[in-house]
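J.: Have a look at this one.
Please treat every number below as a calculation from the coordinates, not as lab data. These numbers were taken from a predicted model, which means no experiment stands behind them. Every residue, glycine as well, gets a Cβ built from its backbone with ideal geometry; the counts of neighbours run over all protein chains shown.
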Protein chains: 2
Amino acid sequence: MEHHVTRAAEAAAPTSSPMLRQTNLSLVLRHLRDHVSRSRADIAEATGLHRATVSNLVAELLERRLVRETGIEHVGAIGRPRRSVALHGAHVGALGLEINVDYISVHGSDLSGRVLVERRVGFDTMASGPDRSLRRLSRVAREAVEAMKRAGAVPAGLGVAVPGLVDVARGVVTFAPNLDWHDLPLAARLSTALGLSVPVMVDNDANLAALAEHTAGVAAGTPHLVYLTGEVGVGGGIIIDGKLLRGADGFSGEVGHLPVDPGGARCGCGRHGCWETKVGLAALVRMAMPEQPYQPVTDPEERATEIARGLAAGDRRMLAAVAEVGRWLGLGGSIVANLFNPRVIVVGGYFATLAEWLLPHAQAELERLVVAGPAAQCRFTASNFGFGAASRGAASMVINRLIDHPTTIMDPIPRLAAY
Amino acid sequence: MEHHVTRAAEAAAPTSSPMLRQTNLSLVLRHLRDHVSRSRADIAEATGLHRATVSNLVAELLERRLVRETGIEHVGAIGRPRRSVALHGAHVGALGLEINVDYISVHGSDLSGRVLVERRVGFDTMASGPDRSLRRLSRVAREAVEAMKRAGAVPAGLGVAVPGLVDVARGVVTFAPNLDWHDLPLAARLSTALGLSVPVMVDNDANLAALAEHTAGVAAGTPHLVYLTGEVGVGGGIIIDGKLLRGADGFSGEVGHLPVDPGGARCGCGRHGCWETKVGLAALVRMAMPEQPYQPVTDPEERATEIARGLAAGDRRMLAAVAEVGRWLGLGGSIVANLFNPRVIVVGGYFATLAEWLLPHAQAELERLVVAGPAAQCRFTASNFGFGAASRGAASMVINRLIDHPTTIMDPIPRLAAY
DNA sequence: CCTCATTAATTGATCGCCGAGACAAACGAA
DNA sequence: TTCGTTTGTCTCGGCGATCAATTAATGAGG
């Protein structure tokens, strides 16, 4: 069994004619992803390629069944009516998994974004240990693959989101404290367990959630954004110029333990005044409902909705607690905004659940602390993917790979004779 | 007079054959910049291009006089000896300027990095106002251009470093508090004043200092680095994947006013506990020599060397002050390291002057606070460009543009018949 | 001293891709 | 029905990279 562990992206600067071809195929695919359905002439104008070239490229994409003609547009305009094309690829799928502290989440879609599988199962990862967790994850993945095949789509890749430090190039989870995983070669083991001959890619959950928001979420198309996970811990995913920021060792976006209050309370990590101790779910629960201390096993989503009910009912102590957390959220957000200058900061997890009450305070504090002032337009926005953003982003990662390397992945060309 | 104000980088996705050609020319040039002198065969192997292709590309670069043959290497090895080529371009120059609070700095070099002009003149920018400052800047630039021409190099572009927020795409200084400049169209006005038909590029001083370190400094070749200016204020320049991070509005890297101590002293910006109030030169002077309060007009370099003398002599109060500043430097550095995960943090300005005493404390604090621990290898390093890093980076920016667009800039091909 | 093996660089042939312009197709307007 | 307009296809030429063969320049060995 050959392992298809994806190596580093290695920018693939087009040096030869075939590479140029691939770049242009990608260019057309990307345009179709971002604009749903356009005619060849539209694509030509938008990309700067010649009409003949676009026709040629689209023809190849049609043959590869990555694109389909959606019909003839009778808009009543003068001239020959345009024949629109759109992403097709109903036969190719992308599977995204997320394994987290207390659940495993799956998201499967085809190339055009149609959702084929969506599922979330409870699972106590830490208590199960790496081996049992891997078996469970494999089973969930296998079931999802079967379901996708039944829907007519064969997965072209598998993405996995993990809450921890990931060596993306080798597909190894270096350290995931909340899962108690150390140096686990997740990509290789999952690839073996599934027996699939498709690439397996692993990345940090916040990174992938950011990717999901960038691809299809509230910040779709925004080239500069930061995503913040809001659970017991707080993680960050950063997108710069439309690409994920990974840093020298793949450890970028570690916002949870930013020292925001050196004289503050002791954090679980041993340091003092970490941002998590101010804006983590445990901190909010401690302030908002001190009589009910936070239990690690509790589902964060459940706890968040409980607090939301209290807030809606006008509980003064809860409102004060949320205002306090909101201010700290804004302070941390200002750090991020001053360093990265993103257009939006998308907040997920419990931040999204309580956005209505949290974000006004956070936004005000952010604007007070951003150096560039109103010139740097940065706003907090709540994700509406809820707790499923990471698995969605894992699927997006697969689709991106497909779009960036349409030939390498879809070779050999499906023979039309078979139909 | 046509204004050559450089627009946004616009990634130049190579879509056509000429673009492919340009990409490969750049590829060869970049390799020669990074490896001084290699044979065609070496270049072919390193770039993955075919030997014949490299020969062809090198031939064109020779004709354009961007490259020269350095001679035949008789290394005693078997086989035909290699004929090395290296960057030449002695006839093309790059001019970098920096205008700061109390000086104007110039750095002129040719394509191969040979320094042709290096100069620093005192100038009180704030007191002079924008118009007189521009006239002074133009005169310095004009003199430098003349000096370069005498040395046989015609500037192919002009880069300007400014301590403030810069709209890079339009070449406008949005806001430079320390110069009291607002919305000044620096590129256009300088272009007019000089009457040169070459591009004028403007960027933030910390950005360009970072670029200088990345191109030729202590962090040469490191694709992920952060530069910190150490003066009265503290600025940051960030390089990700070998490229400058500019953010959505060009306001990234604003580290000076990171809120590191919400309960701390009031900063000049009106907020409390900004990083500058902990590690700015004024803060150090206040702690190290309280009987001699910091004067804004004093040359920072002079003050720094004064303190260095005291430290070398073992002044206990100064040592304690530097230790305190070093710890805060490490704390702020950990924020940067946790978010960007750079390989090195290069410190300039007075941080570099006092590196010997500052950095050990900073490094220890950094390592204590970085989440990824030893897995994320990030170390503080002192710049050895001193206070001239930004102008050097401005020149690098011009050279980078030349290397990235060898045809567009050097057209038409210099006729050999003219010699 | 001459030949051979070895590595470097060039030359000519070939293939692949994009771009230009002619051409066919499919409409609305008059 | 004819004309103008827009869309898409087709063919050809140009350009650029690869490939194979050739020339160039050396050291090793008999």
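J.: What does the charge count around residue B:323 come to, taking other residues whose C-beta lies under 13 Å from its C-beta (Lys +1, Arg +1, Asp -1, Glu -1)?
T.: 0
J.: Another question, then. Of all DSSP beta bridges located in segment B:82-235, what percent are antiparallel, nearest 5?
T.: Of those bridges, close to 65 percent are antiparallel.
J.: Next question. Using only atoms on other chains, find how many Cβ atoms lie within 10 Å of each Cβ of peptide A:370-380 and report the average.
T.: On the way: counts 3, 12, 9, 3, 0, 7, 8, 2, 4, 0, 0.
Shielding by partners across A:370-380 averages 4.
J.: Another question, if that's okay. For a quick check: with amide H placed at 1.01 Å from N, whose amide H comes under 5 Å from residue A:231's, ignoring anything fewer than 5 positions away on the same chain?
T.: HN-HN under 5 Å from residue A:231: A:281, A:350.
J.: Another question about this same structure. Which number comes out as Rg/Rh for segment B:17-88 once both Rg and the Kirkwood Rh are worked out on C-alpha atoms? Present the calculation step by step, with values, prior to reporting the outcome.
T.: Values: Rg = 11.9 Å, Rh = 12.3 Å.
Ratio value, two decimals: 0.97.
J.: Next question, about the same structure. Have a look at the DSSP beta bridges in segment B:204-357 and tell me what percent are antiparallel, nearest 5.
T.: On the way: 8 of 12 bridges.
Bridges in segment B:204-357 that DSSP calls antiparallel: roughly 65 percent.
J.: 7 Å along Cα→Cβ for the label point: how many nanometres lie between residue A:41 and each equivalent label in the other copies, listed shortest first?
T.: With the label placed 7 Å along Cα→Cβ, residue A:41 yields 5.6 nm.
J.: Mind ranking A:204-217, A:269-282, A:71-84, A:183-196 by how tightly packed they are, going by the mean number of other C-beta atoms within 10 angstrom, highest first?
T.: Most protected by this proxy first, the peptides run A:204-217, A:269-282, A:183-196, A:71-84.
J.: Report, as an integer, the average count of C-beta atoms from other chains found within 10 Å of each Cβ along B:234-240.
T.: 2
J.: If you average the alpha carbon positions of segment B:218-292 and of segment A:107-185, how far apart do those two centres end up, in angstrom?
T.: Here the answer is 40 Å between Cα centres.
J.: Would you mind computing, in nm to one decimal, how far apart the modelled labels at residue A:135 and residue A:75 are, each placed 7 Å from Cα along Cα→Cβ?
T.: For residue A:135 paired with residue A:75, the spin-label model returns 5.8 nm.
J.: Let me ask something else about it. Would you tally the net charge around residue A:360, using a Cβ to Cβ cut-off of less than 14 Å, leaving residue A:360 out, and scoring K and R as +1, D and E as -1?
T.: On the way: positive: A:327, A:368, A:379; negative: A:324, A:356, A:365, A:367.
Result for the local shell: -1.
J.: Rounded to the nearest 5, what % of the DSSP beta bridges within chain A are antiparallel ones?
T.: The answer is about 65 percent antiparallel.
J.: Right, something else. If you take every residue apart from residue A:92 with its C-beta less than 12 Å away from the C-beta of residue A:92, what net charge results, scoring Lys and Arg +1 and Asp and Glu -1?
T.: With Lys, Arg at +1 and Asp, Glu at -1, the neighbours total +4.
J.: For chain B, taking Cα atoms only, what is the radius of gyration to one decimal and the Dmax to the nearest whole Å?
T.: 22.7, 72
J.: In whole Hz and in residue order, list the ³J(HN,Hα) couplings for segment B:166-179 that follow from phi through the Karplus curve 6.51 cos²θ - 1.76 cosθ + 1.60, θ = phi - 60°; x for Gly and Pro.
T.: 10, 8, 5, 4, 9, x, 10, 7, 5, 7, 10, x, 6, 9
J.: Sticking with this structure for a sec: Using only atoms on other chains, find how many Cβ atoms lie within 10 Å of each Cβ of peptide B:180-189 and report the average.
T.: On the way: counts 0, 0, 0, 0, 0, 0, 0, 0, 0, 0.
Partner Cβ neighbours, averaged per residue: 0.
J.: While we're on this one: Residue B:71's amide H: which non-local residues (gap 5+, or another chain) put their own amide H closer than 5 Å, with H modeled 1.01 Å from N in plane and none for Pro or chain starts?
T.: Residues meeting the criterion, in which the H sits 1.01 Å from N, are B:84.
J.: Give, in nm to one decimal, the length gained when the segment between residue B:407 and residue B:320 is fully stretched (0.36 nm per residue of separation minus the Cα-Cα distance).
T.: 25.7 nm
J.: For chain A, give the magnitude of the charge dipole about the Cα centre (Cβ charges: +1 Lys/Arg, -1 Asp/Glu; no others), in debye to the nearest 20.
T.: Values: 42 positive and 41 negative charges, 220 e Å.
For chain A, the charge dipole is close to 1060 debye.
J.: Something else about it: Measuring from a point 7 Å out along Cα→Cβ, what nm distances, shortest first, does residue B:375 have to its partners in the other copies?
T.: 3.9
J.: Shortest first and in nm to one decimal, what separations exist between residue B:221 and its copies in the other chains, measuring from label points 7 Å along the Cα-to-beta-carbon line?
T.: Its label point is 4.2 nm from the equivalent points in the other copies.
J.: Segment A:153-290: Rg/Rh from Cα coordinates, Kirkwood Rh?
T.: 1.02
J.: Something else about it: Return, for the Cα atoms of segment B:61-218, the radius of gyration and Dmax in Å, separated by a comma.
T.: Looking at segment B:61-218, its Cα Rg and Dmax stand at 18.7, 67 Å.
J.: Relative to the Cα centre, what is the charge dipole magnitude of the protein assembly as shown, using +1 at the beta carbon of each Lys and Arg, -1 at the beta carbon of each Asp and Glu, and rounding to the nearest 20 debye?
T.: Values: 84 positive and 82 negative charges, 407 e Å.
For the protein assembly as shown, the charge dipole is close to 1960 debye.
J.: In chain A, which whole DSSP H runs stretch at least 20 Å along their own axis (Cα) and average -1.0 or higher on the Kyte-Doolittle scale?
T.: A:17-35, A:125-150, A:316-340, A:355-369, A:389-404
J.: Report the relative contact order of chain A, percent, no decimals, based on alpha-carbon pairs under 8 angstrom and at least 6 residues apart.
T.: Working: 827 pairs, mean separation 69.5, N = 419.
Normalised by residue count, the contact order of chain A is 17 percent.
J.: Over all distinct Cα pairs, what is the inverse of the mean 1/r for the protein assembly as shown, reported as the Kirkwood hydrodynamic radius in Å? Don't jump to the answer; show the numbers that get you there.
T.: Numbers: mean 1/r = 0.0347 Å⁻¹.
For the protein assembly as shown, inverting the mean 1/r across all distinct Cα pairs yields 28.8 Å.
J.: Regarding segment A:219-384, what's the average projected area of the Cα-atom convex hull, expressed in nm²? Working shown, then result.
T.: Values: hull surface 40.5 nm².
About 10.1 nm², averaged over all directions.
J.: Given H placed 1.01 Å from N in the peptide plane, which residues other than close sequence neighbours of residue A:346 have an amide H under 5 Å from its amide H?
T.: A:226, A:227, A:228, A:381
J.: Could you order peptides B:90-99, B:310-319 by the average number of other Cβ atoms within 10 Å of their residues, highest first?
T.: Packing order, densest peptide first, comes out as B:90-99, B:310-319.
J.: Let me ask you something else. Any idea what diffusion coefficient segment B:48-100 gets from Stokes-Einstein, in µm²/s, Kirkwood Rh on alpha carbon pairs, 4 °C, 1.567 mPa s? Can you show the working numbers first?
T.: Working: Rh = 13.5 Å.
Rounded to a whole number, D works out at 96 µm²/s.
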